[in-house]
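Taking it in order: structure first as structure tokens, then the write-up.
Read-outs throughout are calculated quantities, based only on the coordinates presented, and are distinct from any laboratory measurement. This one's a predicted model, so the numbers in the text were calculated from it and none came from an experiment. Note that each Cβ is placed from the backbone with ideal geometry, even for glycine, and that neighbours are counted across all protein chains shown.
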Amino acid sequence: MHQAASKPERHLPALAVSRGIGIGTVIFLHGHKRQFFRRSIDSNLIDTEIEKFRSAVEECKDQLKELSNRHNDQNQLVSEIFGVHLLIVQESSFIKKIETVIRDRQVNSEWALKVVSDQYLERQISVADQHLREKSIDIEDVSDRLLSVLIGLPASVRLTDPGLIIIARELRPSAIMELKKSSPAAIITERGGWTSHTSILAREFGLPMVSGVRKFGQIVSEGDRLIVDGFSGQVIVNPKIETIELFQRLADETVIRDELPAITNNSTATTDGTSIFIRANVDIPETYERAKLFGAEGIGLFRSESLISSPGSIPSEEEQMSAYRQLAAIAGSAGVNIRTFDVGIDQMSERGFSSERNPSLGLRSIRLSLSDTAYFCTQIRAILRTSGDQNLSIVLPMISGLSEVLLSKSIIKEECDRLSEEGIQFSEVKVGAMIEVPSAVLTINEIAQNVDFLCLGTNDLVQYLLAVDRDNDLVANWYQTLHPAVIRSISSVLEAGSERGIPVTLCGEMAGSVFYVPLLIGLGAREFSMNVNSIQQIRHLVSGISLAETHDLVKMARNCHTAEDTEYLLRTYYLKNWKDLFPPGLLSTKHS
Ligand code: PEP
Ligand code: MG
């Protein structure tokens, strides 16, 4: 371990995406799509590690033979490419070198593979011959395939010690679901914004997290001591003892301040008696146990893709039924909205790659479900079969217009007919559309006439409406939740819902923020689904404001022409009228 005292203390700015303070030592999570740690292997376990690596090589050979044969008749060129890959794993020195690194440096296979493939790539990229340079793609491809197989084997992303600070370029949601089991002290990523799925999960799990820290590998080494401040957004490298003590005190005080008493009474209403329904966004069942204590009335959003533990591991009908049954049992009559898989094509294949230039605009979500209906049908069957006497609903994500709703509903109907023919019991379930794409807002009346309810996905709505990547911290200032276009879109969706007499649930991080909720209520929102850790604050706020006041606020906000003006209006209004209803410090930070 590096001695903290021998290096100067440094404070680096970062984007705070999950509140909390983490103090610990650094561990790097390597890789991009497939992530792994560098681990030391005891000398008596080296042979076992080599065996694990060899079995991964064998698995790769089988895959490549199969792929090469499959393409033999139709596409000779593709078949030849897989043939070249097969040669690399069968005969080249590449595999031997990896084994040598495992043995000599006593490290895990994933790390040894990275070391050797980096060496090959560096050498190949620098040669003058273009043909040889292009060959680097084959090494990259083979390495990715090997890594995929290795990571499919047990013990790759699992941490051994609690209390570490994990640094990664980017973290997949499935990785944080796994990592949280080891109770890390904090997480630092290069990329990621407030509404990135990983940040949302970090908040759900109460893990301090910051992002936007570039090239951290050049600043710190594994084992260095760090403080992550997920409140103000900073990382302190090599902190002095006094700094550690100061932040330890801050962390303890925060725990005490956040310990609010559990609220048993479930209903929430404004001071003038308007009921506001608060539901929870849930990714794992334990979250709802906590949400229930805080007074949540059902699961407003279950992101079912949280069941996909690694790319390509799509749960079977039975596995899904067991997960849905568990959720339905804990939610009881308050019900669960199950959103069908909202993933990109990279999550659906074992190899975890997408060649799409713009995955957020690509073959994903409902588009993927409707173009490869086999897994969509499996999911629908699993939901229908679980429905029985349970209160389950289906939410269709990323709807861009009526056709997708109609097509999805016809598939759902076909599955109902099939189950009836098979004599399998099920109940009809309600079907809702997630409104998060501008074209859906512009055709909201047609959509509203054809669904049982609407969910407003504000995270994506802001992204797609303003053309700002929600995962890119570099454009975080353009991600303006209070942009007039966002407010008008939300208003027209709420209006359409009310005209058709169907509920509209506000989802996304906006719905769980005390800064935005008064405005949303004034616009007509009555149902919210939010992160478990927002529930108490929101209920406290709502119980202290009146509907009439929120209407006044909206009237004034309609005269604001920029996000900055609206933010100024809200801040001023809150400070003047409701200062005590907001957590300390919140009204002095930027929000729009
Ligand atoms: C949203 O887009 O607001 C939403 C609730 O879904 P997700 O964050 O999973 O995209
Ligand atoms: Mg979304």
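When the helices in the chain are scored as -39500 (n - 2.57) per DSSP H run of 4 or longer and the sum is shared across all residues, what 222 nm value do you end up with, to the nearest 500 deg cm²/dmol?
Value at 222 nm, helices only, nearest 500: -14500 deg cm²/dmol.
For region 462-592, what is the convex hull volume of the alpha-carbon atoms per residue, in Å³? Show your work: numbers first, answer last.
Details: hull volume 15.0 nm³, N = 131.
Hull volume normalised by residue count: 115 Å³.
In region 369-438, which GluC sites (Glu not before Pro) fall in coil by DSSP and have 11 or fewer other Cβ atoms within 10 Å?
Answer by residue number: 422, 428.
Using every pair of alpha-carbon atoms in region 540-592, split the distances into 5 Å bins beginning at 0 and state the percent of pairs per bin, rounded to integers.
4, 19, 29, 26, 17, 5
Extending each Cα 7 Å along its Cβ direction at residue 586 and residue 410, get the distance between those two points in nm, one decimal.
The answer from the label model is 4.7 nm.
Across bins of 10 angstrom width beginning at 0, how are the C-alpha pair distances of the chain distributed, in whole percent?
P(r) for the chain, in whole percents per bin: 3, 15, 24, 25, 19, 10, 3, 0.
Residue separation times 0.36 nm, minus the C-alpha to C-alpha distance between residue 246 and residue 69: what's the value?
Details: separation 177, 0.36 × 177 = 63.72 nm, distance 6.36 nm.
Full extension from residue 246 to residue 69 adds 57.4 nm.
Give me the percent relative contact order of the chain, please, defined on Cα pairs under 8 angstrom at least 6 residues apart.
Relative contact order for the chain comes out at 14 percent.
Using only the alpha carbons, work out the radius of gyration and Dmax of region 270-407 in angstrom.
Using the Cα atoms of region 270-407, the pair Rg, Dmax is 16.2, 55 Å.
Counting only residues 5 or more places away or on other chains, whose amide H sits under 5 Å from the amide H of residue 312 once H atoms are built in the peptide plane?
348, 349
Starting from the 7 Å offset along Cα-to-Cβ, what nm value, one decimal, do you get for the label separation of residue 9 and residue 254?
Taking the two extended label points, one gets 1.7 nm.
No solvent, one uniform scatterer per C-alpha: report log10 I(q)/I(0) for region 510-553 via the Debye equation at q = 0.18, 0.24, 0.33 1/Å, two decimals.
The computed values of log10 I(q)/I(0) come out as -0.44, -0.79, -1.33.
What are the residues whose amide H is under 5 Å from the amide H of residue 506, where those residues sit 5 or more places off or on another chain and H is modelled from the backbone?
For residue 506, whose amide H was placed from the backbone, the distant partners under 5 Å are 456, 527, 528, 529.
Amide H to amide H, which residues 5 or more places from residue 269 or on other chains are under 5 Å from it, using H placed in the peptide plane?
Correct list: 276.
Between residue 419 and residue 452, how high is the FRET efficiency from 1/(1 + (r/R0)^6) when r is the Cβ-Cβ distance and R₀ = 25 Å? Nearest 0.05. All intermediate terms of the calculation are to be shown ahead of the outcome.
Values: r = 19 Å, r/R0 = 0.77.
Computed FRET efficiency for residue 419 and residue 452: 0.80.
May I ask you to derive the relative contact order of region 426-470, considering only C-alpha pairs under 8 Å and at least 6 residues apart, and to give it as an integer percent?
With pairs under 8 Å counted, the relative contact order is 44 percent.
Using 0.36 nm times the number of residues separating residue 92 and residue 578, minus their current alpha carbon distance, what extension gain do you get?
Using 0.36 nm per residue and subtracting the Cα-Cα distance, I get 167.9 nm.
Where does helix 484-500 land angle-wise versus the long Cα axis of the chain, in degrees 0 to 90, nearest 10?
Long axis of 484-500 versus the principal axis of the chain: about 60 degrees.
What FRET efficiency, computed as 1/(1 + (r/R0)^6) with R0 = 45 Å and r the Cβ-Cβ distance, is obtained for residue 234 and residue 373, rounded to the nearest 0.05?
Between residue 234 and residue 373 the formula returns 0.40.
Report the calculated FRET efficiency for residue 42 and residue 357 (r = Cβ-Cβ distance, R0 = 45 Å), to the nearest 0.05.
0.50
On full extension of the chain, what length is gained from residue 556 through residue 403, given 0.36 nm per residue of separation minus the C-alpha to C-alpha distance?
In short, 51.4 nm is gained.
Provide the per-residue ³J(HN,Hα) series for region 304-319, in order, calculated from phi with Karplus coefficients 6.51, -1.76, 1.60 and θ = phi - 60°, each as a whole number of Hz, with x at glycine and proline positions.
Going residue by residue, I get 5, 5, 5, 7, 8, 6, 8, x, x, 8, 7, x, 6, 4, 5, 4 Hz, with x marking Gly and Pro.
Remind me, relative contact order of region 422-570 in percent, using alpha carbon pairs under 8 angstrom and six or more residues apart?
Relative CO of region 422-570 lands at 21 percent.
Determine the alpha carbon to alpha carbon distance for each of 97/215; 180/409; 96/180; 292/430 and list only those over 31 Å.
Among 97/215; 180/409; 96/180; 292/430, the Cα-Cα distance tops 31 Å for 180/409; 96/180.
Between helix 136-152 and the chain, what is the angle of the helix's C-alpha long axis to the longest principal axis, kept within 0 to 90° and rounded to the nearest 10?
Tilt relative to the chain: about 70 degrees.
Students often check this: by mean Cβ neighbours within 10 Å, which of 289-297, 46-54, 207-215 ranks highest, and how do the rest follow?
Details: 289-297: 20.0, 46-54: 15.6, 207-215: 22.8.
In descending order of packing, they fall as 207-215, 289-297, 46-54.
Using θ = phi - 60° and the Karplus relation 6.51 cos²θ - 1.76 cosθ + 1.60, list the HN-Hα couplings for region 429-441 in order, rounded to whole Hz, with x at every Gly or Pro.
Result, ordered by residue: 10, 6, 10, x, 10, 7, 9, 8, 10, x, 5, 6, 5 Hz.
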